[in-house]
Structure formats: structure tokens, C-alpha cells
1. Could you tell me whether any residue of segment 327-334 is in contact (Cβ under 8 Å) with a residue 24 or more places away in the chain, open to solvent by 20 Å² or more (accessible area, probe 1.4 Å) and under 26 Å from residue 2 (Cβ atoms)?
2. Let me spell it out: the conditions are (1) over 23 Å from the mean Cα position of the chain (by Cα); (2) surrounded by 18 or more Cβ atoms within 10 Å (Cβ to Cβ); (3) assigned to a loop (DSSP other than H, G, I, E, B); (4) not acidic (Asp, Glu), and residue 296 meets all of them except one. Which number is the exception?
3. Just the residues that are of a type outside the set (A, V, I, L, M) and in a strand (DSSP E or B), please, taken from segment 299-329.
4. Just for strands (runs of 3 or more DSSP E) wholly inside segment 436-539: which have at least 1 residues that are farther than 14 Å from residue 412 by Cα, open to solvent by less than 30 Å² (accessible area, probe 1.4 Å) and charged (D, E, K, R)?
5. Could you list all residues from segment 278-299 that are touching a residue at least 60 places away in the same chain (Cβ under 8 Å), out of contact with any Pro (no Cβ under 6 Å at 6 or more places or on another chain) and of a type in the set (A, V, I, L, M, F, W, C)?
6. Please give the number of the condition residue 135 fails out of (1) of a type outside the set (A, V, I, L, M); (2) touching a Leu at 6+ places or on another chain (Cβ under 6 Å); (3) not in a loop (DSSP other than H, G, I, E, B).
7. Which one is surrounded by the fewest Cβ atoms within 10 Å (Cβ to Cβ) among residues in segment 412-435 that are closer than 11 Å to residue 473 by Cβ and more than 21 Å from the chain's Cα centre (by Cα)?
8. Any idea which of 457, 399 is out of contact with any His (no Cβ under 8 Å at 6 or more places or on another chain) and free of Cβ contacts under 8 Å to residues at least 40 places away in the same chain?
Amino acid sequence: MTLIQNPILRGFNPDPSIVGVGEDIYIATSTFEWYPGVQIHHSRDLVNWRLAARPLNRPTQLDMRGDPDSCGVWAPDLTHADGLFWLVFTDVKRFGQSTLDGAKGVTLRDFHNYLVTCDSIDGTWSDPVYLNSSGFDPALFHDDDGRSWLLNMLWDHRPDRPRFAGIVIQELDRATGALIGERRTIFQGTERGFTEGPHIYKRDGWYHLLVAEGGTGWGHAVVMARSRDLMGPYELHPDAVVLSAGGRRDVPLARAGHGDLVELADGSPWMAYLCGRPLPDSQRCVLGRETALQPMRWCEDGWLRSLTADAAPDLTPPAPNLAPAPWPEDSWDGSFDVAELPASLQWLRTPYPDEIFSLTARPGCLRLHGRETLGSPFRQALVAQRQAHFCYTATTRLEFEPSDFQQAAGLVCYYNSTKFHYLHVTRENGARRLQVMTACPDTGRCTLEVVVGALPEGAIELRADVDFGQLKFAWRGAGDPNWTLLNATLDASILSDEASLPGLPNFTGAFVGMACQDMSGRATPADFAFWRYEGRGEG
């Protein structure tokens, strides 16, 4: 019997929305401040998945310059109707005050919701239609009478009010994408709070409402209710929770919630949901929020339930009876003698990638143009890939001739502007030197240590070795067979949601990649000859 190995989308791939079209199953996930926006993966057997598209890929669709850390594209919803794929998403422009400690004072946030469409997943998606800004997690429900409805959670910024003010619904004109009629609140949520991530499904005359509750941390859960009328009232599921890790941190799949359902051809329901895999010693999820998948069942009383005890996530559920459909292996060898940036790599916020990198300025190299400081929310030259394994080695070769201390380039293990480890080359007192800069949320400090006072001339190679919660950097000259391992062992666990300065959002995951800064404004370039990421052991 074939088993699904959860998570199916490893490393930072949160907030899944799943849809089936014929034999094809697609999952859309959040990308937050990483560009291009939204990841859509494709499978035909629920076991093998490939990245099929990143649909928000041009300035007229998405410009996230200035979006704070962990803002940008939240919780896309992917549906199919009238021969089109419909994708709605939020672009978060301001996070404001954290709500984790309860409502205190005014909490101002800016969420703008949009709709794009396309007749094929990997085609050219439309320019966005603006929908509303009343809250986040928009989702579409296409009823069998030909009408469509937009759902989203409602944000209440007022002091001493629940910030998560329930689920609202409004009709959407399929022809124009415009919202029509009045907005109505259909579900206030339960005592768990943080009611978000709504989806509606129609079955046997019932409208089933699925929401995420409990926040996206340890108490995360999938909650359901149903009504005979789309507008409610909705009665709560007798079990309330249909999927959750129950607050446990000692399980392989924790933080389970934010689900969505798909029905296979045989009528079996499957739930895609987000989860996190904590390190046993620190209980930090260094791989971020990932996507898992498991079968569900419709019971005789008409309610959906898990096949597992206590509605728990399943690490290895049995795969459905579908023909195996593996995809070709990724053939990229790590060199930059390519026409386009390889799909495993992304950058931050800007829809104008030519301003930060080039594959043609020096053929065979990825050239990064030195831009703003590491962590800038505007124009930062950083190209990186998701950490998808608890243990990995990443290497690159760098040619860089800085003129002074304001210019730097190198290899970075990065979560956001407040947590990273950066091994980089700069120049001081006429000599190139190698330094490590660390931004640590545990201490609230950013530190800088010189590790090599005078580097040899020419290209150098940089290496990062991550083993669970530990990071070691190494370097060597381009012609040297031996690596020089730096003495310090760095804390890789800070590159996680759970490590945070107070009040800041943390919803993404760890990346590793190449970066270049020129704080003088001269855009001094750095050339990277290759990029290699090798996961060690199970993902």
C-alpha cells in the first residue's frame, strides 16, 4: 500500500487552498513578501507534486515594495467555474499591533483583496480586480444556481473589541468581478477565537462552512458549521473541531489548521491543511508552516470527520487508489548558464527583478546589483530558496570587489529583517575581509564579527551546513580543495516563527541564498557562479 508522506509540500508553503479539475489536483499556498506571488502545485495522484505556476508575476498584478515582514500575499483561494480558474488573495500593507495578547487599544491594519482569473493554471493570469479591504482570507463559493459569493474574515480595529469579528459574505458578479448587494455576517466563530480562513461547500442541501480558529500557533484548528441557508444561521459541528493537533508540541505534525477540502472522483473527501514540525529540543518549526493532506469521511449524521482518533493530523495516511503519476526530476545542476531564474529561487517584494539581479550582465553568473540593507522592505538584492530539510548544505562561488565597508555580498540564512545569519565579503583598511552578521530576536541585537581579516584575491566559495538547530559556516579560495570551517556554531532555530521580537508577525519560513548590498548607492555588483542546495536525509 502506498502511503502519503506528510507534509506533501515541505518548507514554507502555508494556507493551502485545494481544487480538483478532472484528473488534476491543484494546491495554492501563500508566499507573503516573496516574489512572484502565490505558489500553485499540481498532482494527479496526491503523492507526487510539482510547482506548476506562480501566477502573480508582473507589476500590474502585485507590487509589495514597502510591505512589512510577513505581510504581502496572504491565504490565496483557488477555485474553478465557467471554464476558468479563479484566484483571490490578500495583499497586506500594514500589520500593526499583534493580537496575540488580546485586544488592547486601536489595531490598524490594511488588507486589500483582489481577484485574478485564467483558463489554465500555467497561463497568463489576468490583471487583478479589486474586491474589498474589510479583512483577510478571501475565498469564493460558486453555488449550483450560477451565483458566486465572496467570503472573508472581518477585521475590527476598535479598542476592546474582538479583532476577528466573524465571517462575512457578499455576492460577486462573475461577469465583472464586482461585488454586489450588501455584506452580511454569517458566522461569529467560537470561543477559540481568531476565526479566519473560510470556505463553503454544498452537500445534500447543506451549506458546510469550514474555518480556521485558535490562531496559527499551537492551538490552531479546523472548525466546521452548517446551514440549510447560505446566509445562515449556522449550527456548530457537534465535535466543533474536525482537525487539530490539540495544542501538542510533542507530535510530528503540530499547529494543524487552515484547511480546505477537495472531493475525488470516487466521492472521497480529502483535506489539505497547514502544519509545523517542531524541533524536539527548542520546539521551533525551522521549516516554517508546511502543507499536509489526509482523507476525511462524511458520516451518517451528515457531518465531516477525520479518519484518525481525536481529529489528529496523520503523518502517513494511505494514498487514494489512483494511478501513480510521478513528475520528471528537477534537472537544474546549480549553474547560472540559464535563460531564466530557476523555479526553486525567489526574491523579495519588488516586481522589477532587473533592478536587483541579471543572468545576462555576465553570462554564466547570477549578478546581484548591490542595493539596500539586508532586511529592507523596498529594494533588496536577495535571491534565495526555501529550507526544505532539517539538515542541508548550501554552497556558492562569489566574485566580488567591494571598495569599502558599505558594500557587502555573500551567503545568507534568512527568515526576515529581524532574524538572519549572513556570511559576507566586504572591505576595510584596503583589504577584503569575511564577516558574519547575525540578527537575533532572542537578544534583540544585530551583531557583526570579523572572521577573516584579509581574504586572498579572486573568487571564494561559501558554505552553510545546517543540522536541525545548528548552523556552521565555511569558506575556501576557489582553487583550494579544503574548506576552512568557522569556529562559531550559530543558532539556526532563530529562523522560525516561534523566535520573535515582541509584537511582530512571523508567518513564513527559513530561506537560504545569495545577497548583495551597496549602502553607498553605487550598485556595486556581485557575481555568483553557481548555487547548490543539498538536503541530507528525510525532508
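1. yes
2. (3)
3. Keep residues of segment 299-329 that are of a type outside the set (A, V, I, L, M), which gives 299-303, 305-306, 308, 310, 313-314, 316-318, 320-321, 324, 326-329.
Residues satisfying the conditions are 305, 306, 318.
4. Details: elements: 445-452, 460-467, 470-477, 511-518, 525-535.
Counting at least 1 such residues, we get 511-518, 525-535.
5. 279, 286, 287, 293, 298
6. With respect to (1) of a type outside the set (A, V, I, L, M); (2) touching a Leu at 6+ places or on another chain (Cβ under 6 Å); (3) not in a loop (DSSP other than H, G, I, E, B), residue 135 is out only on (3).
7. 435
8. It is 457.
The values are calculated or read from the model by the stated rules, or taken from the named source; none is laboratory data. As the structure is a prediction and not an experimental result, all values here were calculated from the model. In this analysis, Cβ positions are derived from the backbone assuming ideal geometry, glycine residues included, and neighbour counts consider all displayed protein chains. The accessibility values were calculated without ligands, DNA or RNA, using every heavy atom of the protein model including side chains. Shrake-Rupley method; radii C 1.70, N 1.55, O 1.52, S 1.80 Å.
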